[in-house]
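This report concerns only the one structure given below.
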Amino acid sequence: MRLFGGRERATLTSEPTCWFITTGEAGFRTQARGLAGAVFARPREIVVGLAAPWDRLPAVWVPDPLSHLDPARAPLSPPWPDVLIGCGRGVAAISIGVRKASGGATLTVQIQDPLAPARRFDLVVAMSHDAIRGPNVVKVVTALHDITPAALAEAADAWRSRMPRGEGPLAGVLLGGPTRGGRFAAGGELVAALKGLRAGGTRLAILPSRRTPQALVGALGEGFAADAGVLVWDRSGDNPYRGVLALADRLIVTSDSVSMVSEALATPHPVEVLGEAQNARHRLFFRTLFDGGQLAPFAGGPPPVRAARPVSGTAEAAQALRGLVSERTGWSA
């Protein structure tokens, strides 16, 4: 037995139990799953939430969060896990509640700034431009995700024969959609810019997301309908997203999605952003990556030379989490 944080703890000889919790949004699930899967072999995913009106309060204002869980989502009950990873402000109060209910035995990790004091968690993983500070805060340049070299290699094998035909380089075009208070970067000018790339011999794999306006998807489909060198995914059937990340020679991503830009930067390909930053936080995010040579604005011409290797916030966060788990339990991955 040994002391950690003033409490006596047993040294673990087997893998700690890990839950990762979100309110169910795809972007949150990807981040939490990416970190959990990078450290633990068998993490358990649980979609949870607070009932109204508690879900609208700051995390530290919710009294006894575990008694205000949304009954329409998964329940939470002991035995509590050794590690709890939460992503998004919607689960911050729940993580605080589990930490208290476990008597501090559960190590809690919060992905994204919880807008609560960092001391209410064991580890906070925040973006480099977030204001939160503390000795237990790890700042990462890109959002967390589950894109790994192994996942890209598997996707390349699965999708190589299904990419657009032809001899030219392949550009992957990753489209998001309108955001609250932001102007979507893609429209008629995007169709014209992509036609210019195609005229220069570049093959195109164009991937709308669930947020991409249907009118734009239709315009792209019509504009390249007879061209075997262009794939416009119609959002049905298997999603070629990971295959495009693996196989494209360049990646062009709309400026509304920090998550897609971050995933593109986990590849070795040149990455370009289409459109202006949506808000002040996005501007800081892009500025850091522009200055580091990881990202360039899309200008319609040849791809830029990428000045730096792939970057992964997930790898940085996983290293910090492994160290903390080892310090607390004696277990190492």
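The values are calculated or read from the model by the stated rules, or taken from the named source; none is laboratory data. Treat the numbers as computed from the prediction; the structure is a model and nothing was measured. Here Cβ is always computed from backbone atoms with ideal geometry, including for glycine, and neighbour counts include all displayed protein chains.
Could you grab me the full set of residues in region 106-117 that are of a type in the set (A, V, I, L, M, F, W, C) and surrounded by fewer than 17 Cβ atoms within 10 Å (Cβ to Cβ)? The answer is Leu115, and nothing else. Of all residues assigned to region 266-276, at least one qualifies as being farther than 28 Å from Ala199 by Cβ and either surrounded by 13 or more Cβ atoms within 10 Å (Cβ to Cβ) or in the same structural domain as Ala193 (by TED's automatic domain parsing) (or both).
The residues on offer are Leu289, Leu321, Leu247, and the sole one that is surrounded by 24 or more Cβ atoms within 10 Å (Cβ to Cβ), farther than 26 Å from Gln214 by Cβ and of a type outside the set (S, T, N, Q) is Leu321. Of all the numbered requirements in (1) in a strand (DSSP E or B); (2) in contact with a Ser or Thr (Cβ under 7 Å, 6 or more places away or on another chain), Ile21 misses one, and that requirement is (2).
For every residue, the table says whether it meets (1) farther than 16 Å from Ser312 by Cα; (2) of a type in the set (Asp, Glu); (3) out of contact with any Ser or Thr (no Cβ under 6 Å at 6 or more places or on another chain); (4) surrounded by fewer than 20 Cβ atoms within 10 Å (Cβ to Cβ).
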| position | (1), (2), (3), (4) |
| --- | --- |
| Arg119 | yes, no, yes, yes |
| Asp122 | yes, yes, no, no |
| Val141 | no, no, no, yes |
| Leu144 | no, no, no, no |
| Ala151 | no, no, yes, yes |
| Arg160 | yes, no, yes, yes |
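When restricted to residues that are touching a helix residue (DSSP H, G or I) at 6+ places or on another chain (Cβ under 9 Å) and β-branched (Val, Ile, Thr), region 213-230 contains 1. Would a scan of region 26-40 turn up a residue that is of a type in the set (S, T, N, Q), in a loop (DSSP other than H, G, I, E, B) and modelled with pLDDT of 95 or more? Within region 26-40, none of the residues are of a type in the set (S, T, N, Q), in a loop (DSSP other than H, G, I, E, B) and modelled with pLDDT of 95 or more. Scanning region 66-98 for residues that are farther than 15 Å from Gly24 by Cα, touching a Leu at 6+ places or on another chain (Cβ under 7 Å) and surrounded by fewer than 16 Cβ atoms within 10 Å (Cβ to Cβ) yields nothing.
Just one of the numbered conditions (1) over 16 Å from Ile46 (Cα atoms); (2) touching a Pro at 6+ places or on another chain (Cβ under 9 Å); (3) among the charged types (D, E, K, R) is not true of Asp82: (1).
Quick check, is Arg235 in the same structural domain as Ala158 (by TED's automatic domain parsing), at pLDDT 90 or above and in contact with a helix residue (DSSP H, G or I) (Cβ under 9 Å, 6 or more places away or on another chain)? Steps first, answer last, please.
Working: in the same structural domain as Ala158 (by TED's automatic domain parsing): yes; at pLDDT 90 or above: yes; in contact with a helix residue (DSSP H, G or I) (Cβ under 9 Å, 6 or more places away or on another chain): yes.
Taking the combined requirement at face value, the residue satisfies it.
Within region 70-98, the set of residues being farther than 16 Å from Leu50 by Cβ and among the charged types (D, E, K, R) comprises Asp82 only.
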